[in-house]
Each structure stands twice: as C-alpha cells, then as structure tokens.
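This report concerns only the one structure given below.
The values are calculated or read from the model by the stated rules, or taken from the named source; none is laboratory data. If you're wondering where the values come from, they're calculated on a predicted model, not measured in any experiment. A quick note on method: Cβ atoms are made from the backbone with ideal geometry, for glycine too, and the neighbour counts reach across all protein chains shown. What goes into the accessible areas is simple: the full protein's heavy atoms, side chains included, and nothing from ligands, DNA or RNA. Shrake-Rupley method; radii C 1.70, N 1.55, O 1.52, S 1.80 Å.
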Amino acid sequence: MDNLLLLLFFFVWLSIQTLISKLVTKSSKSFKLPPGPNPLPILGNILELGNQPHKSLTKLSQIYGPIMTLKLGKLTTIVISSPQLAKEVLHKNDQNFCYRTVPDTVKAHDHHIYSVGWMQPLSQWRTLRKICATKVFSSQQLDSTQVVRRRKVKELMDFVKKTSETYDVLDISEAIFTTVLNSISNTLFSKDVVQLGCSSKSQEFKGIFCGITEEAGKPNVVDYFPIFRKIDPQGARARMTKYYKKMIDFLDGIVEERLRLTKGLEMVDTKEYKDVLDYVLEVMLEDNSQVTRIHVLHLLVDLFVAGIDTTASTIEWAMAELLYNSKELQKLKNELQEVLGKEEKQIEESHISKLPFLRAVVKETFRLHPPFPLIPHKSKEDVELCGFNVPKNAQVLINIWGVGRDPSIWRNPNEFIPERFLESKIDYQGNDCELIPFSAGRRMCPGLPLAYRGVHTVLGSLLHCYDWKLVNNGEKEKGLDMFDEKFGLSLHKAKPLQAIPIYSHNN
Ligand code: HEM
C-alpha cells in the first residue's frame, strides 16, 4: 500500500513538473522581446542613451530595426522608429498604448495626479480632454480670442521696427518666446505675463519652462532604479518642485483674482470676450463638478508648459532654417508679397489657408525639428506587435525625430526642402504617421489648432516686412549651430537666434 502511494505521489509530481515546464516553454516562446543591444548587468543599456537620446536611438534602430528593446535599469523600453509601427501603436492598438510611464520628476507637487498630460487615460482625463476640446481649442473659442493674439503680433512688429531703426541686434529667440507666452496667456486668461524687451523677466519664465521640460525629459537614474527615489541623487525632483511651485503660485494668483471678479468683489470685467479661464471656472463652479481648483491650476500649468515652449521653438527653428536657406526664404517672401501686397501688413489667421509655401515651410520645420522628439507612452497589457511581444508596463517611445530623418522615407532627409510638401498630401493631423509632430490617436496634442494659428502668423509676419542680417557671418559658415540641439522632453536650439532686422517694404 505504501509503495502504491509512493508511486501515485511520484506520478502526480511528474505530471506537475511536466505541466510547469510546458507552461514555461510556451510563455518564453510567445514572450519574444524585440531585438536590441545587449544590456550590461544592472545598468542595462542606460549608457547607450548619451546626452542626445533621440540621436542615439535613431542610430541603434538602424542596427536593430524599427522595433527595438532597451533595458534602462529596471525599465523595459520599446522604441518605435517607423511610420508603419507608429500606426500600429497610435491607431490600431491605441487603447492599450495611450497610457504613460511617469517620470519621477513629474510627481513633484503631485502633478501627475492632476495633469491632463501625465494622468492615465481614465474618467478624469476624459473630462479634462473634453474641456480642452470644447472650451479651450474649439474653432469658435479660438476665433473669439483671435483679437488678443493679433494685438500681440502687432506689438512684436512694433518692437522689431524700433530695433530696426537703431540697427540693433534682436534676440529673435527671446522676442518670439515673449510673444508666444503673451499670446497664450491672453488666450487663456487675458493677461500679459512679460513685457516685450524686458529681458530679465522673460529669461526668468523661459528658465522655468525650459527647466520643466528638461527635467521631465532628461534621463534620471530614479526612473531606472526606483530604489533611489528618496535620495534623488541628481537633484532633479528638487529642481522640478521649485519650478512647479513658482508656476502654481503665479497661476493661483490669477485664478484667485478672477474668482473675486466673478463673485463681484473686484471691479467689473472689461474684456470683450469670454476667455478660457472664464469657461473653465464655470465648469469648476458647477454642482458636483469633477473639476476642482487644483485641477484648474494643473491644467493651466500643462497648457503653459506644453504650449509655449513648443510653439516658440518651432518658430525659431523655422526662422533659423530660412536665414540659412536664402532661396527658400526668397520664395516665401515672394508668396507673402503676392498675397498681402507690398505695404507693411501683419498676417491674420485667415490668411494661412492662402499661403501654401508658408504651410510647407512649417511642415518641413516639424519634420526636421519636432519639439517632442520622443513621444512617451506605456503599454497597459502584454501585446503582440510585428511578431514580438511588448510587455505590460513597458515604456514605449515613438522616435518621431528618427522617422523625420529616415532616408527610406525622405529624399535628402537632412536638407531643408519645403517644396517636398507642395505636391504631397501628407499632413500632421495624425493620419500620416510619417509626420506626427503632434502625435496621433486619443492622446494626440489637443493644442494643435492654437499652435497652427500661432506658428504661421508670427513666422509670416516677421518675414513679410523685414530682411534679417545675421550678426556674425562666420556663424553662417559654421551652419548657424543649426544642428546643435538641447535635449529635454522638448528640443531647443542650443544657441538662441540673433539677427539685425532691416525694414524692407518687400522691395
Ligand atoms: C508646435 C506646437 C506643439 C507641438 C509640436 C505639440 C506636440 C505635442 C505632442 C507630441 C504631445 C504628446 C502626444 C502623445 O502623447 O501622444 C502633446 C501633448 C499635449 N499638448 Fe501639445 N504640442 C504643441 C502645442 C501645444 C499647445 C499650443 C498646447 C496648449 C496651449 C498644447 C497642449 C498639450 C497638452 C495639454 C498635451 C497633453 C495631452 C494628453 O496627454 O492627453 N500643445 N503635444
């Protein structure tokens, strides 16, 4: 009897072992990660990122292919570098991939909990996206606040004119930044934040915005080894806490003032339109509203951080490319003259549809200099992609910088050739994954309509009435530092653009 029991036990044990081994073999077969460079023990592939991760990843993808795995410490990262695979991620499997891996720095001030840009795509996120679509960026709302943006471009033109009269050097980068900052702040809450020409204040704000995008995008050891979170060895979270505090305190002052106005405690509102803050506060004050004051503050932080730096740096890159490519510049000036006439005139938002070459210049700028070179998403579940398994919770980076410079998609990919878009139907509305500076799918940038208006009107106005003389011809020979980029969540020109404006009347 004892022997029989022993035999029975042996068979049960053998069957369990066989089953386990079958399961292990099966899961390791289906769990085939995309290829990638061999990881070092503990560090994985962190050292391969360098200080320009978008370039390092582009080079690696030329070796390992358009879907590639990197081990960044404990974080499995899948890098996507082709339009076909971007489409799989952002269109076909959007529901799984519209999550975010949240960098530790963004957790400062609990920003990730309240931020539309960083929260997971659940009910709160849907509410905030709906507010963006209906109250912030609808055509009707943007049309009604057009008057304030027109005023800001006019102020820029007056400022440039003054500079041209004294033949002074203009810090184009700063002038564009201040104009975009005030255009967006006026669209949101009808206030200027910085005076044009007030360099110290403008630099202070630029420091905060650039600081936030830099800290959110730069490799941080805490994201790869969460065990170091408490120590914050690079001091990144401490810096981010300071930046967010400054922004939140500033915006809280604006919200407080508007609430007092709404309650009749302050003088009467004199503006001729309802701005975004009016609408958002209406939603906040509704009974049982899901939107609290803290949501409003973090939404404003998001709109500022995501909107200003990206729009301003696109205009600056476009200007830099055009000053370097005089033939393209002349073509654009001719088009502007044909549509607007010879006299001094600023571009209205309604002119954009009549300026195909200007639109092509902007597309070409987005292709070469997408403000967000790597779009960070996360896989909610294990998903099969192109025969490989993308594991649950993996960070998924879409390398749109790499796609924009892929020689199998673009002829002479490193050259600035706006003409390539004149005949082509490729657009950046999220359908053509060859060009997705605003991304695609449900997480796609909600600010596209505002950015579209801002980029074209400011760029066109700066070029219509002025010729620009670069400060140092030697810089031109060196390529104007054209390819020097400063990496963060968004990419900037490493060296701000400076030139002397010469009033041309387009003669
Ligand atoms: C040239 C200008 C701009 C570019 C290239 C750009 C690009 C992007 C990209 C690539 C994303 C990430 C999408 C994704 O995760 O798939 C994004 C998100 C976002 N952008 Fe923009 N953006 C621009 C301007 C703006 C403006 C003007 C605003 C608002 C004033 C804005 C507000 C946002 C917000 C709130 C998000 C987060 C959306 C979410 O996660 O659900 N952006 N943008």
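Leaving out ligands, DNA and RNA, and with a 1.4 Å probe, what % of the accessible surface on the chain is carbon or sulfur?
On the way: 13100 of 23400 Å².
In the chain, the share of accessible area belonging to carbon and sulfur is 56 percent.
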Cα centroid separation - segment 171-226 against segment 389-433, whole Å | 27 Å
Label-to-label distance, nm, for residues given as ALA494 and LYS380 (7 Å Cα→Cβ offset) = 4.1 nm
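Take each of the peptides 48-55, 452-459, average the number of other beta-carbon atoms within 10 Å over its residues, and list them starting from the highest. Provide the component values of the computation, followed by the final result.
Working: 48-55: 17.6, 452-459: 24.0.
Per-residue mean Cβ counts within 10 Å order the peptides as 452-459, 48-55.
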Checked against the positive end of the charge dipole of the chain (+1 on Cβ of Lys and Arg, -1 on Cβ of Asp and Glu, about the Cα centre), the farthest of ALA236, ASN186, TYR466 is ALA236
Could you work out how far apart the two model spin labels at LYS154 and GLN95 are, taking each label as a point 7 Å from the Cα in the direction of the beta carbon, and quote it in nm?
-> 5.1 nm
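Quote the relative contact order of the chain in percent (integer), defining contacts as alpha-carbon pairs under 8 Å separated by 6+ residues.
Numbers: 740 pairs, mean separation 117.9, N = 507.
Reported relative contact order: 23 percent.
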Between ASP171 and residues 5 or more places away or on another chain, the pairs with built amide H atoms under 5 Å apart involve none
Pairs LYS201/LYS327; LYS55/LYS469; LYS161/LYS493; LYS87/LYS380; LYS55/LYS206: which exceed 27 Å Cα-Cα?
-> LYS201/LYS327; LYS55/LYS469
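With a Förster radius of 25 Å, plug the Cβ-Cβ distance of ASP484 and THR166 into 1/(1 + (r/R0)^6) and report the FRET value to the nearest 0.05. Intermediate values should be presented prior to the final figure.
Values: r = 29 Å, r/R0 = 1.17.
Computed FRET efficiency for ASP484 and THR166: 0.30.
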Can you give the angle from 0 to 90° between the axis of helix 199-217 and the longest principal axis of the chain, with both taken from C-alpha atoms, to the nearest 10?
-> 20 degrees
Assuming a ≥ b ≥ c are the square roots of the Cα gyration tensor eigenvalues, decide whether segment 34-503 counts as rounded (a/c under 1.5), prolate (otherwise, with a/b larger than b/c) or oblate.
-> oblate
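Run the numbers for ASN412 and GLU343: contour at 0.36 nm per residue of separation, minus the present Cα-Cα distance, in nm. Spell out each step's value before the answer.
Details: separation 69, 0.36 × 69 = 24.84 nm, distance 3.66 nm.
Length difference between fully extended and current span is 21.2 nm.
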Quickly work out the LYS392-to-SER289 label distance, labels modelled 7 Å from Cα along the C-beta direction, and quote it in nm with one decimal.
-> 3.8 nm
Regression test value, accessible area per residue of the chain, probe 1.4 Å, units Å², expected 46 Å²
May I ask you to compute the full-extension gain from GLU204 to THR134, defined as 0.36 nm times their residue separation minus their alpha-carbon distance, rounded to one decimal in nm?
-> 22.0 nm
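For an R0 of 41 angstrom, estimate the FRET efficiency from the Cβ-Cβ distance between ASP427 and LYS230 and round to the nearest 0.05.
On the way: r = 47 Å, r/R0 = 1.14.
So the FRET efficiency works out to roughly 0.30.
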Which residues qualify? For LEU33, with a placed amide H closer than 5 Å and at least 5 residues away or on another chain, they are ASN389
